[in-house]
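Inspection log for the structure reproduced underneath, given as structure tokens.
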Amino acid sequence: MHLYSFFNDYSEGAHPSIFAVLEQTNLDQYAGYGEDSLADEAKKLIQKHIQFPDAAIHFVTAGTQANFITLAAMLKPYESVVAVESAHINVHEAGAVEATGHKIHAVKGVNGKITIPEIQQVLDFNHDEHMAKPKVVFISHATELGTIYSRQELTELSAYCREKSLYLYLDGARLGSALCSSEADLTLADIAKLVDAFYIGGTKNGAFLGEAIVICNKELQENFRYILKQRGALLAKGRLLSAQFIALFQHDLYFQLARHANAMAGKMTKHIESLGFPFLTPSATNQIFPILPDTLIARLEKLYGFYVWSRIDTQHSAIRLVTSWATPEEMVDRFLEDLAKSSQDVSFSS
């Protein structure tokens, strides 16, 4: 049994404000399948935050579901997706996108982010009807490596996709953390203007479960509910999802929770850097990837839960530490104390 887990940001249940909304509405009767007044209220709150009143918004249970459903809606049977190798759809979704009949063109990326030259290489290679036709560029914000896109990067990527008649889709599992990063210069409104569709992740930012798919491109809005139903995502008690987003967006709770998660990760980063240990990627979000000697990792694993992310060389590995909206600062302090004690006779070069 670990003293504390830094495995992920969804180990806890939900923020008390979500409990309150669910309790207040529990015995009220609502229409089913997302056509209730709670869904209407949640949609209006999100539309206000993204400054996009014409956006279509749908609530689903999980990120993988949001991804493969939205991509299925964006793609014809012969079309494909371009994504970085580390993308969630390429690594951690058990082939869900491929199971819908669509190829993923995986490119290397830079610190988890896709680049325009890489997309162009895919377009140049897949150029005729004998190959799957690239149609969607998939990105994550924050990425699987904790990095974020700048406004300039996303603006340039958006312009390129529009020039090449490609859709741009953004996975927002940790969107709150990305938007509240100390390095962030993008807003929800910016994202809504620059991408064709994205989702706002609730599961990893204080909700029991649930994501809000936001479809900005009007071409993609029609008949989306048919795809939701076909993919098992149109819930009879859909109000359980939308009610949570009322709690998250009514008083900016969504951003408060993300800021806390980032602050806890930031505190860990500063302390780990002070001990002389490097990082796999530069991250200002709630996922950090310090590189530690394997001997030190073995000591820490006896006390705390975390993933060993990748091997660096014969003596060092990168671990992933994830903080959440509910991570107590005292547990962060205890981890850092134990790290300092355990590393007294260990240096990075050992």
May I ask you to order 268-280, 179-191 by the average number of other C-beta atoms within 10 Å around their residues, highest value first? 179-191, 268-280
Degrees between helix 329-342 axis and first principal axis of the chain (Cα, 0 to 90, nearest 10): 40
Dipole of the chain (Lys/Arg Cβ +1, Asp/Glu Cβ -1, origin at the Cα centre): which of Phe249, Phe306, Leu321 lies farthest to the positive side? Phe249
Distance cut-off 18 Å, percentage of C-alpha pairs in segment 1-46 lying past it: 51
Debye log10 I(q)/I(0) at q = 0.13, 0.25, 0.26 Å⁻¹ for segment 26-67, Cα point scatterers: -0.34, -0.96, -0.98
Sort 330-337, 21-28, 69-76, 201-208 for me by packing, meaning the mean count of neighbouring Cβ atoms within 10 Å per residue, highest on top. 201-208, 69-76, 330-337, 21-28
Estimated vicinal HN-Hα couplings, Hz - segment 215-223 in sequence order (Karplus 6.51, -1.76, 1.60; Gly, Pro = x): 10, 8, 6, 4, 4, 9, 7, 5, 6
Of the listed pairs Lys44/Lys135; Lys48/Lys133; Lys267/Lys302, those with alpha carbons more than 28 Å apart are Lys44/Lys135; Lys48/Lys133
Amide H contacts of Gly101 (H built 1.01 Å from N, under 5 Å, at least 5 apart or other chain): none
Over the chain: helical MRE at 222 nm, DSSP H runs n ≥ 4 each giving -39500 (n - 2.57), nearest 500: -12000 deg cm²/dmol
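Ratio of Rg to Rh for segment 123-217, alpha carbon only, Kirkwood?
1.02
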A correct Karplus calculation of ³J(HN,Hα) over segment 226-240, with 6.51 cos²θ - 1.76 cosθ + 1.60, θ = phi - 60°, whole Hz and x for Gly and Pro, returns 5, 5, 4, 5, 4, 9, x, 10, 8, 8, 4, 9, x, 4, 5
Whole-angstrom Cα spans of segment 155-266 along principal axes, big to small: 41, 40, 20
Return the Rg/Rh value of the chain, two decimal places, where both radii are evaluated on C-alpha atoms and Rh is the Kirkwood radius. 0.98
Cα convex hull of segment 21-117: mean projected area in nm², to one decimal? 9.1
Write down the radius of gyration of segment 163-221 and its Dmax, each obtained from C-alpha positions, in Å. 12.3, 39
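Taking a temperature of 10 °C and a viscosity of 1.306 mPa s, what whole-number D in µm²/s does Stokes-Einstein yield for segment 63-154 with Rh from Kirkwood over alpha carbon pairs?
Numbers: Rh = 13.4 Å.
The Stokes-Einstein estimate is 118 µm²/s.
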Distance cut-off 27 Å, Cα to Cα: go down the list Lys43/Lys218; Lys43/Lys229; Lys164/Lys204; Lys113/Lys204; Lys108/Lys270 and report the pairs above it. Lys164/Lys204; Lys108/Lys270
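Coordinate-derived values only; no laboratory data. Since the model is a prediction, treat every value here as computed from it, not as a measurement. Every residue, glycine among them, receives a Cβ derived from its backbone with ideal geometry; neighbour counts consider all protein chains shown.
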